[in-house]
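Everything on this sheet refers to the single structure shown next.
The values are calculated or read from the model by the stated rules, or taken from the named source; none is laboratory data. Computed from a predicted structure; not experimentally measured. We place every Cβ from the backbone using ideal geometry, glycine too, and count neighbours over all the protein chains shown.
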Amino acid sequence: MNEFKGYSLFNDIEDSNLRSRNRGVILANIAEDHTKNRKIHAKGVSLILGYYMELPESERQAARDAFKKNMEERGYATA
């Protein structure tokens with residue numbers, strides 16, 4: 001499977017850095033699409049978690065780091 005609810009998982013990309021970067025962008029886009037008053041709605045959180053769980057366990061941390069970096073670059077505070 002290379003998609004989660006229409007969002008690409010980028011499993012076909014061989015370069016692990018590029019794959020993680022792309023996943024981080026997708027996660028940040030999902031977050032922004034489901035944000036109001038700087039808070040992510042429940043549907044957005046559900047999509048983010050669902051997407052994340054479709055990733056190979058060994059690649060989740062890199063995707064999380066890329067997601068955090070993207071959110072910070074977009075002006076969001078992360079914990």
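Values for this structure:
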{"item": "Helices (runs of 4 or more DSSP H) contained in region 2-79 and holding at least 2 residues acidic (Asp, Glu) and exposed (fewer than 13 other Cβ atoms within 10 Å of the Cβ)", "result": "60-73"}
{"item": "Region 21-44 residues that are in contact (Cβ under 8 Å) with a residue 12 or more places away in the chain, paired with ones that are outside any loop (DSSP other than H, G, I, E, B) and exposed (fewer than 12 other Cβ atoms within 10 Å of the Cβ) (beta carbon under 9 Å, 6 or more apart)", "result": "Ala28/Glu73; His34/Ala42; His34/Lys43"}
{"item": "Residues (small (Gly, Ala, Ser) and in contact with a Phe, Trp or Tyr (Cβ under 8 Å, 6 or more places away or on another chain)) located in region 32-60", "result": "Gly50"}
{"item": "Residue pairs meeting the criteria (Cβ under 8 Å; at least 6 apart or on separate chains; first over 14 Å from Ser16 (Cα atoms), in region 48-61; second among the β-branched types (Val, Ile, Thr) and not in a helix (DSSP H, G or I))", "result": "Ile48/Ile40"}
{"item": "Any hit, region 1-19, residues being of a type outside the set (S, T, N, Q) and under 18 Å from Thr78 (Cβ atoms)", "result": "no"}
{"item": "Residue among Lys43, Lys69, Lys39 that alone is more than 9 Å from the chain's Cα centre (by Cα) and under 17 Å from Phe4 (Cβ atoms)", "result": "Lys43"}
{"item": "Yes/no for Ala28 being within 10 Å of the chain's Cα centre (by Cα), small (Gly, Ala, Ser) and either modelled with pLDDT of 95 or more or at negative phi (or both)", "result": "yes"}
